[in-house]
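Trainee: Dropping a structure here in structure tokens format, bear with me for questions.
Each reported figure results from applying straightforward, stated rules to the coordinates on display, with no laboratory input. Model, not experiment: these values are computed from the prediction. Reconstructed Cβ throughout: ideal geometry from the backbone, glycine too, with neighbour counts over all protein chains shown.
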Amino acid sequence: MRRSLLVFALGVLAACGGSKNPPTGSGCGGSGGTGGSGGAEPGGPASSGAAGASSSSAGPAGTGAAAAPKADPIDAATPETKDAKPFARRQVCEKPPCPSAIVFAGMDQIDGKPAPIAMFEVVLGRKVMWSIPKNANVVVYGFLLDGEVSVMADDIKDKQKRCWKLDAFRAPGGGVNVFAKEPTRILVGVGAVGDAKTVTDALAKPAPWAKRPSPVESVELGRKPQVSWGGGAYHARIGFEDPGAPSFTLLLMSKNAPVAEHVHATEWEFLALIDGDGELTRKEGGNVKTTSGTFVAIPPGVAHGYRPNGTTPTLAVQMYSPAGPEQRFKKLAEKP
């Protein structure tokens, strides 16, 4: 496995899709409210005892780094995502037909190499359908930056789950139709599960299922209770955290909140930076400048941290493969 921090960016891929109106059904997470009024998922990565915050405000870094200045607190409410900068990896489907795929061409590669998670943005026009094929080797996650969708399948209660901006869904085994009731932007994460070690391997092994590996789930991520630490400078909303699959968390950090250097011994970390500018520090391969619309992948065993520019809060979706390091946020929140 390549032990280096990999920042990847690809150009826009254009395509289209459409369908008929879906039936009405249950809301995302069990209710039909908009998720924009709730708190956010703040955080910083941690695994081997490393804190996802400055050493002085959120506990010592796992590497024994010197104490950093205390970061300013920030309101936990999720910032507006509607006008977020377009992501580097993007599939645009504004009109029919939208190609049926779990992962679009080239989006399962990081720096030309396969990884256990693929992250990209999907843009759907009004009344457009994205049909995701069945494959028991993957689990598909989606976070709505804007818009409204119905996630539809025959095995879902009421045949669909409705999701709004700041809601998230998870479809084990794929096998769902995502219907946009209005122009919609979805931040998508596809994880390899089971015997598949990479998304490329998972997609190379057709695995249609008669019974879904586990139920389709949805959560009002913008309303889910957050865990906070570092005097209110760091916040995290953990949407999905089941063992054996990737975790899915929304992170929010104040504009001057760093992430202390740390290492994940066995887990990959993936970040989709919705807002914020800074620098990812790493022991191998040199540091990397990051900005809104950037995807970042960090292999196991690579020491890394984050230094914000101090101009704007950091908002990001974070995935670990496999789940586990996100549990550190709960422990940090328990500290006085």
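Trainee: In the structure shown, do any of LYS157/LYS205; LYS161/LYS211; LYS82/LYS181; LYS255/LYS289; LYS113/LYS197 have a Cα-Cα gap over 23 Å, and if so which?
Mentor: LYS157/LYS205
Trainee: Something else: Any idea how far apart LYS113 and ALA265 come out in nm if each label point goes 7 Å out from Cα toward Cβ?
Mentor: 2.2 nm
Trainee: From the phi of every residue in segment 208-216, what ³J(HN,Hα) in whole Hz does the Karplus formula 6.51 cos²θ - 1.76 cosθ + 1.60 yield, where θ is phi - 60° and glycine or proline is x?
Mentor: Values, residue by residue: x, 10, 8, 10, 4, x, 7, x, 5 Hz.
Trainee: Tell me the label-point distance for the pair ASP155, VAL288, using the 7 Å Cα-to-Cβ offset, in nm and rounded to one decimal.
Mentor: Roughly 3.5 nm, to one decimal.
Trainee: Rank-order 176-182, 102-108, 194-200 by packing density, defined as the average count of other C-beta atoms within 10 Å over each peptide's residues, highest first.
Mentor: Top of the packing list down: 176-182, 102-108, 194-200.
Trainee: Next question. For ARG89, list long-range residues whose amide hydrogen, built 1.01 Å from N in the peptide plane, is under 5 Å from its own amide hydrogen.
Mentor: Amide H neighbours of ARG89, under 5 Å, 5+ apart: LEU10, GLU121.
Trainee: Further question on the same structure: Report the FRET efficiency, 1/(1 + (r/R0)^6), for SER214 and THR311, where r is their Cβ-Cβ distance and R0 is 51 Å, rounded to 0.05.
Mentor: The value I calculate is 0.80.
Trainee: Counting other beta carbons within 10 Å of each Cβ, put ARG126, ARG170 in order, fewest first.
Mentor: Values: ARG126 14, ARG170 23.
Final ranking by Cβ density, sparse to dense: ARG126, ARG170.
Trainee: From the phi of every residue in segment 245-250, what ³J(HN,Hα) in whole Hz does the Karplus formula 6.51 cos²θ - 1.76 cosθ + 1.60 yield, where θ is phi - 60° and glycine or proline is x?
Mentor: 9, x, 8, 9, 9, 9
Trainee: Pull out the extension gain between GLN327 and ASP242, defined as 0.36 nm times the separation in residues minus the alpha carbon to alpha carbon distance; nm, one decimal.
Mentor: Extra length available between GLN327 and ASP242 comes to 29.5 nm.
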